[in-house]
Amino acid sequence: MSNIKRVAIVLAVVVLVFVVGYSFKGSDILDRAIILGLGIDGTDDGGITLTAEVVSPGNGTEQVGTFSKTVTVQGRAIAEAIQNVAEYTGKEASLGQCVVLVFGQDFYENVDFSATIEYFINHHSLKESAIICCCEGSAQDLFNNSDALSQSVSLSIATLMLDQAKKIGINSINLLKYARSQSELHCTGFLNKIKFVPSENKDSNDPDKTQGFFSYREYAVFRKNKYVCDIDEQHARGMSLFLDNTVGDMFIAEMDGLTRTLQVSNKSIDQKLTDEGVVEIKIKLSVRLGRTDSEEVSGAISAQKKKEITPEVLDEVKKQAQALAQQYLAQQAEFDFDLLKLHEAFRQKDGNSKELAEMPTANFVVKLTVEVEEG
């Protein structure tokens, strides 16, 4: 069962518990503001602007339901800001069902947020599996798009990251994985970069309503919880080729006189360090034609026949994949980050050392091989 389904079930149970509990003895649930997501921005004086998406069961004559609202407060540190959420709502802020943490652009690009990560990772109720990401612009603006989406911003982001991303060649990361990445040998990790993209409103009943969707095909890289650089969509495609837990990467090639879309259905990554000190990385991709459910033949709909992929097309995909992977390796060397754990390969051979931890990524020699087959 996905985390989103769990959250939906929990919210339904929360309402049920409220109804039963209120009928018999009242309930502590009335005193809780259930936080689904948190957006963290900075302030001019070095403090925190915190935007919380809150589900709060009504009390007294308030309507009971699972509708969310956003609350924005400030504090000198993250703990104080969360306490101010409680004061603002008049209810204890509960992070037990928080599914997403979002860092705003001005905050993550300019602040060492080690203390913020330490607070979240040690929090008694926040789950280590919560999705952590960053966004273009402010997190406050991002969380105020619920009307445009017609649904919870937190649950929308979590659904994308947990259920959809790996199907289209995008990797996502949770709080625990990110925190670990900042304490490993080269202290390098990434966050998905979310941005809201407005779209055309075709609703004649509400023509002035803003509509749009979340794009999440880019990343931001961090070392020791400090911003290093962005990975744009093109370089992100190269990065995804090295990740064996994602599929769905897509390539375009000419076949039978037509432009065909080919999708990675499976992949294997083999990385090893040779005695000569060269990191050999072998990427093996299995691709298949983009699925077409049916085609029109003589005015009737019939099943699409499976076509074999020609060797020329497989070779074209190989060339595209090699170019994307090399572009990513070049960026990793240029900005001195290591998401491929090249430093770790040498640590396993030579042991830990300060010199190895601080060795520039550009110093490593990488030999890349790409193979593509139909599958």
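The values are calculated or read from the model by the stated rules, or taken from the named source; none is laboratory data. Please read all numbers here as calculations on a predicted model, not as lab measurements. Cβ atoms come from the backbone with ideal geometry, glycine included; neighbour counts cover every protein chain shown. Quick note on the areas: whole protein, heavy atoms, side chains included, nothing else; ligands and nucleic acids left out. Shrake-Rupley method; radii C 1.70, N 1.55, O 1.52, S 1.80 Å.
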First in region 111-132 and closer than 17 Å to Ala81 by Cα, second anywhere and open to solvent by 40 Å² or more (accessible area, probe 1.4 Å) and aliphatic (A, V, I, L, M), Cβ under 8 Å, 6 or more apart | Ala115/Ala77; Tyr119/Ala77; Tyr119/Ala79; Ile121/Leu176
On the given criteria, is Lys195 loosely packed, with under 15 Cβ neighbours inside 10 Å and at pLDDT below 95?
-> no
Scan region 321-353 residue by residue and report those that are out of contact with any Pro (no Cβ under 6 Å at 6 or more places or on another chain), open to solvent by less than 70 Å² (accessible area, probe 1.4 Å) and not in a helix (DSSP H, G or I).
-> Phe337, Asp338, Leu339, Leu340, Gly351, Ser353
If a residue has to be outside any helix (DSSP H, G or I) and out of contact with any helix residue (DSSP H, G or I) (no Cβ under 6 Å at 6 or more places or on another chain) to count, how many in region 102-121 make the cut?
-> 4
Ser181: passes all of (1) touching a helix residue (DSSP H, G or I) at 6+ places or on another chain (Cβ under 9 Å); (2) at pLDDT 90 or above; (3) open to solvent by less than 60 Å² (accessible area, probe 1.4 Å) but (1)
Tally of residues being closer than 23 Å to Phe222 by Cα and either modelled with pLDDT under 90 or crowded, with 18+ Cβ neighbours inside 10 Å (or both) across region 49-97 = 4
Output the number of residues of region 354-375 satisfying the condition of being modelled with pLDDT of 90 or more, part of a helix (DSSP H, G or I) and open to solvent by 50 Å² or more (accessible area, probe 1.4 Å).
-> 3
Does Ala236 fit the bill of being within 13 Å of the chain's Cα centre (by Cα) and at pLDDT below 85?
-> no
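Please tell me if Val317 is of a type outside the set (Ser, Thr, Tyr), open to solvent by less than 60 Å² (accessible area, probe 1.4 Å) and in contact with a Lys or Arg (Cβ under 9 Å, 6 or more places away or on another chain).
Values: of a type outside the set (Ser, Thr, Tyr): yes; open to solvent by less than 60 Å² (accessible area, probe 1.4 Å): yes; in contact with a Lys or Arg (Cβ under 9 Å, 6 or more places away or on another chain): no.
Judged against the criteria, Val317 is not a match.
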